[in-house]
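The values are calculated or read from the model by the stated rules, or taken from the named source; none is laboratory data. As the structure is a computational prediction, the values presented were derived from the model and not from experiment. So basically every Cβ, Gly included, is an ideal-geometry build from the backbone, and we count neighbours across all protein chains shown. SASA here: full protein model, heavy atoms, side chains in, ligands and nucleic acids out. Shrake-Rupley method; radii C 1.70, N 1.55, O 1.52, S 1.80 Å.
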Amino acid sequence: MKNKWHVHKFGGSSLSDAECFLRVTNLLHSQDGDRQIVVASAMGGMTNALEALVDSAEKNDKSITKEVGLIRDRYIAAVAQLIKQPEKKQSLLDLFQTDLTDLQDILNAVSLVGNAAKRSHDIILSFGELWSTRLLSSLLEQMIMKDDLNRSVRWIDARELIVVKHGELGPNILWDESSKRFSSFFKEISDGFVVIPGFIASDDQGLHTTLGRNGSDFSASIIGALVDSEDVTIWTDVSGVMSADPYRVPEAAVIGSLTYSEAMELAYFGAKVIHPQTMSPAVMNNIPIYIKNTFQPTDLGSKISEFSNPDRSIKGITTVEDVALINVEGAGMIGVPGTADRLFGALRDAGISVILISQASSEHSICFAVPGFMASKADSIVKKAFNIELKQNQIQKVEVRPECSIIAVVGDGMAGMPGIASRFFSTLANAGINVRAIAQGSSERNISAVIDSNVATRALRAAHAGFYLSTETISVGLIGPGNVGATLLEQMAPQTSNLKANFNLDFRVRGIATSTKMLLAERYIDLNSWQSLLESDWQELDMDLFVRHINADHLPHAVLVDCTASDEVSRNYIDWFDQGIHVVTANKKAQSGSLDYYDAVKHGRKANNSHFLYESSVGAGLPIIQTLRDLNETGDEIISIEGIFSGTLAYLFNVFDGSKPFSTIVKDARDAGYTEPDPRDDLSGVDVARKLIILARELGLRLELSDIHVENLVPDELRDVSIQEFLDALPNFDFEMSERYQKARDQSCVLRYTGSLDKKGRAQVKLQSLPADHSFAHINLTDNIVRFATGRYSDNPLVVQGPGAGPGVTAAGVFSDLLRLARYLGARG
């Protein structure tokens, strides 16, 4: 038994010019097997050019002659470039000239009546396929003769093979008649190449017709079924069916294998590689379809067949654009039989295609989606159909929402798999996407949601990443590249590739802002050279522009990282939350400011489903806030919290042993970078008080900063002078601090600057004299130590201890919050 036929279909993009024709013939020449059927479309753009001729003829436009001339010149140039044998070249051109004469006669007739009948229209459009396949057949024959191969090449007119009858749903194949014709033609053909034009056929009256747009794919599938081919390969300009639109999701990948059902769902919802209808003959005969790239033929491509690799529950995510959502709502619809029939019957009679339907079980409303350009007509038809019910208020409203899109997740593996819908909708919610309608078929291989068009790309990317079809991409903007911010970028630089490879996480720092300037990048900033880029490519700071840039529509998630101590920056948090942006900060101002603003920040975060992470605002990189939340949320009673919350003050009193004046230790610490530029910011105790306020509010205590008793270590006389005057005058007050140290030492105690808080809201910050065996007495230089006394940890309080100052540990705390945010948004790890 001979090997089966192999069917290849080439679209217009594969046959755009002479170079493409040569590529296709070389590709066919290299195919295994000696039984190859080639189905081809018109040259790229030719069908559109012929369509334009019909339009011009209907308008009696005098430019027809010029347009025909352009078509003539293009084809003659291709023939001259490709066909070297004079006889073959002349034969092709003679046939072409005859067709041009016929074409001109039909156009003249159309111009006279001002309208093109369907048959005239079909004949005109079919010339493109006839011309391209004749040229391809001649070129293939020329190549085989040159290589002295014993392989035949035959060109067969598809109108003599395929017979259809047009019905309400499009052309129906008359299989018995078509099969007889194929048997008659192919009984003399046992091997070689057979070239057949796609798109065209004959009707049951024996007259010329077409299979409609995407008809060449349909032709290939029909022919594959008629000859019981081994496979059908659709050659195009992409390397297979993609998991999403690669122009909107750069990380989209080729789906190696998918079932017929999956391919049909993806094709219906916008994946343009193959049309659902074109697959039906192959599906009936269980013939695998391959999608491959003419320009990269070694790529594996996609295989569409009865079964596919079950490696993922979701195979692809796609969208339908330019959709309008129409909602029909009214109490009079409840329990009334036939309402849906009246509604959709009226739409059918008006020729309006319904893309999606969703109805609540209460029957109080029905919503459906239609193509955007049909929205006005659909609105009118529905109101007309329910005119009486609207007047009697049985139906309260017919509402049209334009500018919508439908996003759909597709995969046979979704069936019976719990949690798919949950992940889909939570992913959209995390990206700030509002869902307006939902539909899911009982097959469970498709879940669709109607969303606003202006967030469609963001939704597509979020869902694609949410199902691990691509990386979870987060757009990052950093404000304040000082000590902490610069260290954070330094820590992130070597980790980005690791996070991408091992955790499917793509942090893209797309903007860096100082108080006066900013650096923006469309994709990402090279973190190994951000400082030089900030110096060379900066622009004046425009915070609104900076935020809009970070919160790009095409990226699913955006986070602003505040590494400043600025009250002005923290005042923007609510506005950022309103835009769906997440905030990670080491800045204490928002969490410890006025209760009114704190409440507004919390409300803004919740209302917009944004995340607000600030672990490093207390204890740098130590897990103090998270520990407190864990204790509180698991029902433990927090009796008291006390600790050393300032790494700077911990250092000062660890070093202060009476051998050096306290003022000298302060100056040395400032020179070493352990204090703020103005040491009074540390010595005042306000920073510690702010940290205590943050912890108190985590417990639900309604404390203001003024409710905390704070011992200020800055002498009254030096609080309002310049920094230099303060440093110069501080030695004058060394005696007081030396006296306190000596008194503590005489009692076998040490000095420690502490903060404490109890469950009743009593809070204080002060310099204490603690016994030498106290846990706070034995800490390293810049350690923070926090002790939680709780119902569970009463006799032996829970202690968190570690470095509490320095850009390294603070930046690490911010980085940890970024990773925590990524997990909240669905990243693996």
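Results for (1) more than 24 Å from L819 (Cα to Cα); (2) surrounded by fewer than 16 Cβ atoms within 10 Å (Cβ to Cβ); (3) not hydroxyl-bearing (S, T, Y), shown as yes or no for each residue.
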position	(1), (2), (3)
V618	no, no, yes
I625	no, no, yes
L628	no, no, yes
L631	no, no, yes
E637	yes, yes, yes
E642	yes, no, yes
G647	yes, no, yes
F656	yes, no, yes
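So if I check each of L560, L520, which one is open to solvent by 20 Å² or more (accessible area, probe 1.4 Å), in contact with a His (Cβ under 9 Å, 6 or more places away or on another chain) and closer than 30 Å to N454 by Cα?
Only one candidate passes the filter, namely L520.
Would you say D34 is closer than 27 Å to E141 by Cβ and either among the polar types (S, T, N, Q) or over 47 Å from the mean Cα position of the chain (by Cα) (or both)?
No; evaluated as a whole, the condition is false for this residue.
Answer yes if at least one residue in the range 577-590 is surrounded by fewer than 18 Cβ atoms within 10 Å (Cβ to Cβ) and at pLDDT below 95, and no otherwise.
Within the range 577-590, one or more residues are surrounded by fewer than 18 Cβ atoms within 10 Å (Cβ to Cβ) and at pLDDT below 95.
Please tell me if K667 is touching a residue at least 12 places away in the same chain (Cβ under 8 Å), touching a helix residue (DSSP H, G or I) at 6+ places or on another chain (Cβ under 8 Å) and surrounded by fewer than 22 Cβ atoms within 10 Å (Cβ to Cβ).
Yes; evaluated as a whole, the condition is true for this residue.
Test T664 against the stated conditions and say whether it is over 41 Å from the mean Cα position of the chain (by Cα), at pLDDT 95 or above and either at positive phi or part of a helix (DSSP H, G or I) (or both).
yes
Does K66 satisfy the condition of being part of a helix (DSSP H, G or I) and either of a type in the set (D, E, K, R) or within 22 Å of A220 (Cα to Cα) (or both)?
The answer is yes for K66.
Among the residues of the range 426-444, is any within 15 Å of the chain's Cα centre (by Cα), surrounded by fewer than 19 Cβ atoms within 10 Å (Cβ to Cβ) and charged (D, E, K, R)?
No, the conditions are met nowhere in the range 426-444.
Given the conditions (1) over 21 Å from I222 (Cα atoms); (2) in contact with a Pro (Cβ under 8 Å, 6 or more places away or on another chain), and given that N115 satisfies all but one, which numbered condition is not satisfied?
Of everything listed in (1) over 21 Å from I222 (Cα atoms); (2) in contact with a Pro (Cβ under 8 Å, 6 or more places away or on another chain), N115 misses just condition (2).
Can you tell me how many residues within the range 409-431 are in contact with a helix residue (DSSP H, G or I) (Cβ under 9 Å, 6 or more places away or on another chain) and part of a helix (DSSP H, G or I)?
So the answer is 11.
Among the residues of the range 601-612, which ones are out of contact with any His (no Cβ under 8 Å at 6 or more places or on another chain) and open to solvent by less than 40 Å² (accessible area, probe 1.4 Å)?
If the condition is that a residue be out of contact with any His (no Cβ under 8 Å at 6 or more places or on another chain) and open to solvent by less than 40 Å² (accessible area, probe 1.4 Å), then V601, G604 are the ones that fit.
Hey, could you check the range 552-596 for residues that are in contact (Cβ under 8 Å) with a residue 24 or more places away in the chain, of a type in the set (S, T, Y) and assigned to a helix (DSSP H, G or I) and say which is nearest to L701 (Cα to Cα)?
The selected residue is S592.
Kindly indicate which of F815, F735 is without any contact (Cβ under 8 Å) to a residue 24 or more places away in the chain, of a type in the set (A, V, I, L, M, F, W, C), farther than 21 Å from I693 by Cβ and outside any strand (DSSP E or B).
F735
Could you tell me which numbered condition V398 fails, if it satisfies all but one of (1) of a type outside the set (D, E, K, R); (2) closer than 30 Å to L266 by Cβ; (3) modelled with pLDDT of 90 or more?
That leaves (2) as the condition not met.
Does L53 count as surrounded by 18 or more Cβ atoms within 10 Å (Cβ to Cβ) and either without any contact (Cβ under 8 Å) to a residue 24 or more places away in the chain or in contact with a Ser or Thr (Cβ under 9 Å, 6 or more places away or on another chain) (or both)?
no
So for the range 33-50 (the condition being in contact with a strand residue (DSSP E or B) (Cβ under 9 Å, 6 or more places away or on another chain), β-branched (V, I, T), closer than 18 Å to I144 by Cα and open to solvent by less than 40 Å² (accessible area, probe 1.4 Å)), does at least one residue qualify?
yes
For the range 212-228, indicate whether the set of residues that are among the β-branched types (V, I, T), in contact with a helix residue (DSSP H, G or I) (Cβ under 7 Å, 6 or more places away or on another chain), assigned to a helix (DSSP H, G or I) and within 25 Å of M43 (Cβ to Cβ) is non-empty.
Looking through the range 212-228, at least one residue is among the β-branched types (V, I, T), in contact with a helix residue (DSSP H, G or I) (Cβ under 7 Å, 6 or more places away or on another chain), assigned to a helix (DSSP H, G or I) and within 25 Å of M43 (Cβ to Cβ).
Which condition breaks for R508 when tested against (1) in contact with a Cys (Cβ under 9 Å, 6 or more places away or on another chain); (2) in a strand (DSSP E or B)?
So R508 meets the others, but not (1).
Can you work out which of the residues in the range 1-17 that are buried (at least 18 other Cβ atoms within 10 Å of the Cβ) and hydrophobic (A, V, I, L, M, F, W, C) is nearest to the chain's Cα centre (by Cα)?
Going through the qualifying residues, I end up with F10.
Of everything in the range 212-242, what is modelled with pLDDT under 85 and open to solvent by less than 10 Å² (accessible area, probe 1.4 Å)? Give them in sequence order.
If the condition is that a residue be modelled with pLDDT under 85 and open to solvent by less than 10 Å² (accessible area, probe 1.4 Å), then G215 is the only one that fits.
Among the candidates E321, E306, E265, which residue alone is open to solvent by 40 Å² or more (accessible area, probe 1.4 Å) and in contact with a Phe, Trp or Tyr (Cβ under 8 Å, 6 or more places away or on another chain)?
E306
Working only within the range 146-176, note down all residues that are among the basic types (K, R), part of a strand (DSSP E or B) and under 21 Å from G128 (Cβ atoms).
The answer is R154, and nothing else.
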